[in-house]
Amino acid sequence: MPAPTAERLPAALARRIALAAQGFAEPRPAGVVDSRQLRRTTERLGVVQIDSVNVVSRSHYLPYFSRLGGYRRPVLDDFFGRRHEVFEFWAHEASYLPVRLHPHLRWRMAAAEEQAWGSMVRIQRERPGYVAEVLDRVRESGPLKASDLAEQRPDRPGQMWNWHAGKVALEWLFYTGALTARARTTSFERVYDLTERVLPAAVVQAPTPEPADAVRELVRTAARALGVATERDLRDYFRLRPAQARQAIAELEEAGELAPVEVAGWGVPAWLDPAARRPRWIRARALLSPFDSLVWERPRVERIFGFRYRLEIYTPAAQRVHGYYVLPFLLGDRLVARADLKADRQAGVLRVQAVHAEEGVDRAEVADALAAELRLAASWLELDDVAVAGRGDLAADLTSVLPARRTVVA
């Protein structure tokens with residue numbers, strides 16, 4: 001039997017499908033955001049990336065703000081840290097995930113020798129007794145932070161992963177699934193504990209799927225979260241290897257759970273979640289974390305939105321084009337601007353250090369919508385005002401809108 005002809009999707013429709021899948025086709029809640037809405041957003045995204053950068057806010061708080069508006073962050077902390085409806089693991093990067101996915105990542109835990117990086121693998125090979133001692137200490141004495149282990153940090157200046165042996169041992173045990181994160185401290189340090197003491201018993205006792213079945217579920221989850229996607233999009237969501245992803249995609253297509261499509265202008269094969277919404281319009285307004293799943297894969301962002309985005313944190317200041325911590329601004333179904341933001345907590349001000357508009361946008365409309373979103377963000381961050389530094393081609397337009405309506409936190 002010949003393969004069915006792939007449906008052809010206009011680029012604009014594909015963009016709206018992708019936005020709807022990520023939760024931007026619905027209005028923000030009018031009332032108080034509760035755990036049900038946080039749970040729904042977490043399940044919809046599948047992966048919420050974690051990052052320690054706190055220039056505006058810890059990155060995992062921002063995707064919920066982008067979609068739900070000014071929720072109370074302690075509610076999310078409780079959702080993560082006390083209720084344990086999510087768990088932390090290396091998925092896209094360090095990530096929060098719904099606990100239902102824990103069994104589907106055990107194959108990665110079991111393959112730590114192949115999947116984990118150098119220092120973790122070396123310590124298990126070279127100091128297995130020490131790793132076992134660390135596990136025994138957690139088992140006998142309770143939750144443990146890396147700072148609780150009296151180990152000297154190695155003298156390797158300039159390296160990001162400059163971990164002492166205790167931290168490396170804990171990370172190995174975390175990667176293999178023996179330990180998981182019970183919580184994060186106020187300084188964002190992991191608190192490690194035995195997995196069976198943290199996750200719900202039903203999750204811990206759930207059978208471990210065969211690796212191929214688990215990968216298929218991860219691709220299925222990615223497809224729902226993306227709406228329409230290329231092979232690279234689907235495998236990048238959980239950082240799967242190409243052969244794994246291709247097999248899972250083929251099996252899901254054969255089962256009718258993925259539909260092959262051609263998207264105008266993409267130039268590569270794509271697949272559609274058959275249950276994906278096809279909205280006629282998107283009326284979103286959101287500032288996006290650089291680690292938001294809508295924008296974390298830069299080639300996809302450029303393909304869907306025509307928006308070239310690079311994170312310049314590690315770029316020398318003199319060579320930065322748009323700024324240090326730049327958040328794309330979504331208006332309707334377009335990324336229309338980008339703002340380099342900083343929460344000046346001591347002064348109580350959300351600082352717009354630079355702001356740039358995309359070509360062809362209505363600057364007055366964008367400035368007015370961005371001002372409203374910045375005021376909402378400042379209130380959510382418990383800051384009293386928004387201040388524009390004056391850099392960037394949208395700064396004057398934004399400044400002309402903001403002074404008339406100062407942000408006041410009730």
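Proximity of backbone amide H atoms, modeled 1.01 Å from N, is registered between Lys145 and Tyr192 at under 5 Å, excluding neighbours fewer than 5 places apart on the same chain. Excluding ligands, DNA and RNA, the accessible surface per residue across the stretch 310-401 is 44 Å² with a 1.4 Å probe. Within the accessible area of the chain, the carbon and sulfur atoms contribute 50%, probe 1.4 Å, all protein chains present.
Largest first, the residues Ser59, Ser119 sort by 1.4 Å accessible area into Ser119, Ser59. Considering only alpha-carbon pairs that sit under 8 angstrom and 6 or more positions apart, the relative contact order computed for the chain is 18 percent.
Excluding ligands, DNA and RNA, the accessible surface per residue across the stretch 178-236 is 40 Å² with a 1.4 Å probe.
Find the accessible area per residue for the stretch 24-167; the probe is 1.4 Å, ligands and nucleic acids are left out, and the unit is Å².
47 Å²
Only helical DSSP H runs with n ≥ 4 go in: add -39500 (n - 2.57) per run for the chain, normalise by residue count and round the 222 nm mean residue ellipticity to 500 deg cm²/dmol. Roughly -11000 deg cm²/dmol at 222 nm, from the helical runs in the chain. Extending 7 Å from Cα along the Cβ direction at Ala11 and again at Glu113 yields two label points whose distance is 4.8 nm.
Rounded to the nearest 0.05, what FRET efficiency is calculated for His164 and Ala30 with R0 set to 41 Å and r the Cβ-Cβ distance? E between His164 and Ala30, to the nearest 0.05, is 0.25.
Of the residues Arg82, Arg363, Arg36, the one that moves most in a GNM of the chain with alpha-carbon contacts below 10 Å is Arg36.
Computing Cα extents along the principal axes in Å directly from the structure and comparing it against [x] 67, 64, 43; [y] 82, 50, 40; [z] 81, 43, 36 singles out [x].
The values are calculated or read from the model by the stated rules, or taken from the named source; none is laboratory data. These figures come from a predicted structure and were not determined experimentally. Positions of Cβ are generated from backbone atoms using ideal geometry, with glycine treated the same way; all protein chains shown enter the neighbour counts. What goes into the accessible areas is simple: the full protein's heavy atoms, side chains included, and nothing from ligands, DNA or RNA. Shrake-Rupley method; radii C 1.70, N 1.55, O 1.52, S 1.80 Å.
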